[in-house]
Amino acid sequence: MRIGSAQVRATSGAQAIRMLAEKLGQGSLGRPDFLALHFAVGLDAADLHGAAKEAFGSGALHGGSSCLGIMGKDGVDIGGAGIGAFAIWDCEGSFGTASADLGDDAEAAVKATAQAALIAAGRPGEMPDLVWLTVAPGREEQVLAGLRAVVGAETLIIGGSAADNDVSGAWAQFGPEAVHADGVVVSVLFPSASVASVYQSGYAPTGASGVVTSVTGRRLQQIDGRAAANVYDEWTAGAVKPDGTEARSILAEATLWPLGRVARHVAGVPFHLLAHPAVSYPDGSIDLFADVEVGDRLWQMQGTADSLVARAGRVATQARADAGGNLAGALVIYCGGCMLAVRDRIDEVHSGVTAALGDVPWIGVYTFGEQGAPAGDVSRHGNLMISCTVFAE
């Protein structure tokens, strides 16, 4: 198995793909068996898709947009027109990708997509070592349920929700045959080397908690029988105040104050799966970027710029240790909200990951939702999370 990564900044999809193919050594290595392309929305997804199909073929081709840009072995590019490529050549492995619009039934759509990806890999009915996932924000829990129905609960599902620069809905996804605005891309990987992954956050509980007593979809209405926005205002000591006159985005100020649910305990320490508050409404309800249910206990979490900067390197260090030390490559997911919160220190985030991974090919994606597996648990959807998935040498 051989892995390569490349990063470029371009003015058009055709130019970007041409430059990536050259940097990846396509002329000597041939078309990769798996190719992930993650890009800023300053590049047109349809143009990228068309050029990538022509240059790399329509095999295991996986694409998704990333907030402002990407990072990787060659540095950070959040200028709005960057693209990163992660390529695997592995004649002893099997790889397949498929995509679809989510439509009215996201769970059914992803079931069919996962089955198509397994058929494309030549491994129908089998459990892959890894699923690499890109999905439009909004229905990630349904997508994970559909995936688990096909590949099993124990299969490692890692990925991120496609992002744009300002939560305007300009995100995009593409598979071998189509481009989507509200879709899902599923890649099933059966590499000839082992895979390890770590999924964590850079937040800690403050001690304040309460039980969800009313929720509709992702709109949290009440905690402990009181308006959610008022409880949240108290828990954050006024850092994120409700607005009694109109709906307003609270994404920026809520980035350091997410809500957490205990997913499991690891060595006696609770693992909190985070939900990012997004919009506050005059009626006291709050929109979240993840599902919660009546009866869930929510914990007020708090992070700092220092904790968000340091955590990515620690996650990568743990992933490398879990893989035995010698790596062939890595895929990193770093929440887009976290990136925006520490944008002026993102080079430090990159340095921490680079110090942990060493001189191996890798790319990092800035997402609006993160899917990963807490230690000893099935894969889940959370916000403001970080993951590092490594391929052993």
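Working note: 222 nm ellipticity from helices only, DSSP H runs with n ≥ 4, each -39,500 (n - 2.57), summed and divided by the residues of the chain, gives -8000 deg cm²/dmol to the nearest 500.
Report the gain in length on full extension from Ala247 to Glu92: 0.36 nm times residue separation, minus Cα-Cα distance, nm rounded to one decimal.
Numbers: separation 155, 0.36 × 155 = 55.80 nm, distance 5.39 nm.
Full extension of this stretch gives 50.4 nm more.
In segment 193-291, a dipole from Cβ-located charges (positive for Lys and Arg, negative for Asp and Glu) runs towards its positive end, and of Asn230, Pro258, Ala247 it is Pro258 whose Cα lies farthest in that direction. Over all pairs of different C-alpha atoms, the chain has a mean inverse distance whose reciprocal, the Kirkwood radius, equals 20.7 Å.
Charge dipole (Cα centre; +1 on Lys/Arg Cβ, -1 on Asp/Glu Cβ; no other charges) of segment 201-303 amounts to roughly 280 debye. Global dimensions of segment 201-303 from alpha-carbon coordinates: Rg and Dmax equal 12.6, 46 Å. Toward the positive end of the charge dipole of the chain, with +1 on the Cβ of Lys and Arg and -1 on the Cβ of Asp and Glu, the farthest Cα among Gly125, Gly159, Ala267 is that of Ala267. Once the Cα-Cα distance is subtracted from the 0.36 nm per residue extended length, the Ala108 to Asp224 segment shows a gain of 38.3 nm. Using amide H atoms built 1.01 Å from N in the peptide plane, name the residues 5+ places from Val266, or on other chains, whose amide H lies under 5 Å from its own. Answer set, sorted by chain and number: Phe271. Karplus-derived 3J(HN,Hα) values for segment 124-131, using 6.51 cos²θ - 1.76 cosθ + 1.60 with θ = phi - 60°, are x, x, 9, 9, x, 6, 8, 10 Hz; glycine and proline are entered as x. Computed from point charges on the beta carbon alone (+1 for Lys and Arg, -1 for Asp and Glu), the dipole magnitude for the chain about its Cα centre is near 540 Debye.
Between helix 140-151 and the chain there is an angle of about 50 degrees, using the helix long axis and the longest principal axis of the Cα atoms. The separation of segment 1-77 from segment 269-301, counted between C-alpha centres, amounts to 35 Å. Backbone geometry of segment 273-286 corresponds, through the Karplus equation with coefficients 6.51, -1.76 and 1.60 at θ = phi - 60°, to 3J(HN,Hα) couplings of 8, 9, 10, 9, x, 10, 9, 9, 10, x, 7, x, 8, 9 Hz, x marking Gly and Pro. Compared with the direct C-alpha span, the chain from Arg264 to Ala208 gains 18.3 nm at full extension, assuming 0.36 nm per residue.
Note on segment 1-148: percent of Cα-Cα distances in each 10 Å bin, starting at 0 and stopping at the bin with the largest distance, equals 11, 39, 36, 14, 0. Rounded to the nearest 10 degrees, the angle from helix 106-120 to the longest Cα principal axis of the chain is 20 degrees. With θ taken as phi - 60° and the Karplus curve 6.51 cos²θ - 1.76 cosθ + 1.60 applied, the whole-hertz 3J(HN,Hα) list for segment 255-267 is 4, 8, 9, x, 9, x, 10, 6, 7, 5, 10, 10, 6 Hz, x standing for glycine and proline.
Shown here for segment 268-365: trypsin sites (Lys or Arg not before Pro) in loop regions (DSSP other than H, G, I, E, B) with at most 15 other Cβ atoms within 10 Å, of which there are none. Principal-axis analysis of the Cα atoms of the chain puts helix 346-357 at an angle of about 60° to the longest axis.
Taking other Cβ atoms within 10 Å as a rough exposure proxy, Leu259, Leu251, Leu144 sort from fewest to most as Leu251, Leu144, Leu259. Here segment 99-169 is treated as a Stokes sphere of Kirkwood radius computed over C-alpha pairs; at 25 °C and 0.890 mPa s its diffusion coefficient rounds to 194 µm²/s. Here the scattering of segment 294-393 is modelled by Debye summation over its C-alpha atoms, one equal scatterer each and no solvent; at q = 0.10, 0.11, 0.15, 0.17 Å⁻¹ the log10 of I(q)/I(0) is -0.28, -0.34, -0.61, -0.77.
Where a number appears in this text, it was derived from the coordinates with a stated rule and is not lab data. These figures come from a predicted structure and were not determined experimentally. With ideal geometry, Cβ positions are generated from the backbone for all residues, glycine too; neighbour counts draw on all protein chains shown.
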